[in-house]
1. Could you run through the stretch 173-189 and say how many residues are out of contact with any Asp or Glu (no Cβ under 7 Å at 6 or more places or on another chain) and either within 24 Å of residue 278 (Cα to Cα) or surrounded by 19 or more Cβ atoms within 10 Å (Cβ to Cβ) (or both)?
2. Could you grab me the full set of residues in the stretch 274-302 that are farther than 19 Å from residue 244 by Cα and surrounded by 16 or more Cβ atoms within 10 Å (Cβ to Cβ)?
3. Taking only the stretch 123-161 into account, find how many residues are more than 19 Å from residue 102 (Cα to Cα) and among the aromatic types (Phe, Trp, Tyr).
4. Residue 25: closer than 25 Å to residue 130 by Cβ, open to solvent by 40 Å² or more (accessible area, probe 1.4 Å) and touching a Phe, Trp or Tyr at 6+ places or on another chain (Cβ under 9 Å), yes or no?
5. Tell me whether the stretch 190-202 contains one or more residues that are without any contact (Cβ under 8 Å) to a residue 12 or more places away in the chain, of a type outside the set (A, V, I, L, M, F, W, C) and either within 23 Å of residue 275 (Cα to Cα) or in a strand (DSSP E or B) (or both).
6. Residues of the stretch 174-189 being under 17 Å from residue 154 (Cα atoms) and either in a loop (DSSP other than H, G, I, E, B) or without any contact (Cβ under 8 Å) to a residue 24 or more places away in the chain (or both), which ones?
7. Residues being among the hydroxyl-bearing types (Ser, Thr, Tyr) and either free of Cβ contacts under 8 Å to residues at least 24 places away in the same chain or surrounded by fewer than 24 Cβ atoms within 10 Å (Cβ to Cβ) (or both): count how many of those fall in the stretch 90-128.
Amino acid sequence: MMNSQGGYPTVSVVLSVKNGGRDLPQALGTILDQSFADFELIAIDNGSTDETGPYLDSITDPRVRVFHQTDAGLAGALNRGISLARGRYVARQDHDDLADPSRIAKQVQFLESHPEHALIGTRAEIWVGDKPSGRFHDHPTEDEILRFDLIFNNPFVHSSVMIRKSALDRVGVYTTDPARQPPEDYELWSRISRQYRVANLPERLTIYREVPSSMSRAGAQPFLQKLVTISSENLAYATGVAEPEQVHVDIAALVHGAEALVSPKPDVEGMCAVLAEAGHRIGGGQPKPELAQRILHAQAQIRHRFMLRQQPGYGLVWRAARNIRDHLRRLIPAAR
């Protein structure tokens, strides 16, 4: 598809959907109504058995390109969409989340004026179904804070991000390795942040819906182990080490509560030194106050968890807490 100037569109919006139901038309409509019109929307019908396929085929907007396939999983479907993308920027959109009309325009403007950045997200409102919850994903906006936070967690709303296609060509697309996904988004952002600067816009330009089907992506121990794997790799990279060592695994496992992955005698001072080195490297040798506070907080968290681990009966308490956490995950929708 060519744009009105005879070239390819600036942005390729990639949407994967399986059984989109009543949410899909509204979500897709918020993209088609964007103030920035130079885009294509690549909709991957990922094995739907409801009316999703016929609905997508009924769309007459020439910017929409529809592809039907058997279910390849979210990462596989998104990778197909990326392979079809013609824009120099790839934007994500989920079938049940909503985009502010200015979202794409503001993200394109940011990437055009910040060539060293490869990933730009937005803050988000959190809705439960069709109702605002009064809660928000107000993630940090600055690169060094985001890169430190990425060591342990995902500070980006998946359906809010826009990425340079050239960065994906360099670092690769979503992993489909079962040992590393989900969380395929966290894994990809981690790789991007090792090579490029990243940011979030301070505006809430996305409405993120919490839905019960999100639970299927939370899991318990398998998901936790993947988090520890990615987190320990991030720590190793942040400290200039090619592969994670036991100290990196110990830190990641303690932070995420993966007791079974912690070594028998973790070195608390060594772990705190690794966190300090990671933060100082990310901060260019002189961390700014906000980053310095995050380093101290991470060290305090490690010391606290190490101290708890030394208490008699800790193993029983930890297992009980894990069982309660897993039970709550079954009752409360988790983030996609």
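1. Let us first name the residues in the stretch 173-189 that are out of contact with any Asp or Glu (no Cβ under 7 Å at 6 or more places or on another chain), namely 173, 176-179, 182-189.
From what's left, either within 24 Å of residue 278 (Cα to Cα) or surrounded by 19 or more Cβ atoms within 10 Å (Cβ to Cβ) (or both): 173, 182-189.
Adding up the residues that qualify gives 9.
2. Narrowing the stretch 274-302 to residues farther than 19 Å from residue 244 by Cα: 283-297, 300-301.
Selection gives 283, 287, 291, 294, 295.
3. 3
4. yes
5. Checked the stretch 190-202: no residue is without any contact (Cβ under 8 Å) to a residue 12 or more places away in the chain, of a type outside the set (A, V, I, L, M, F, W, C) and either within 23 Å of residue 275 (Cα to Cα) or in a strand (DSSP E or B) (or both).
6. Correct list: 174, 175, 180, 181, 182, 183, 188.
7. 2
Yes or no, residue by residue, for (1) among the acidic types (Asp, Glu); (2) at pLDDT 95 or above; (3) touching a Lys or Arg at 6+ places or on another chain (Cβ under 7 Å):
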site	(1), (2), (3)
260	no, no, no
290	yes, yes, no
295	no, yes, no
324	no, no, no
328	no, no, no
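The values are calculated or read from the model by the stated rules, or taken from the named source; none is laboratory data. Every value quoted in this text rests on a predicted model; they were computed, and no experiment measured them. Neighbour counts run over all protein chains shown; Cβ positions are idealised from the backbone, glycine included. These accessible areas exclude ligands, DNA and RNA; they are computed on the full protein's heavy atoms, side chains included. Shrake-Rupley method; radii C 1.70, N 1.55, O 1.52, S 1.80 Å.
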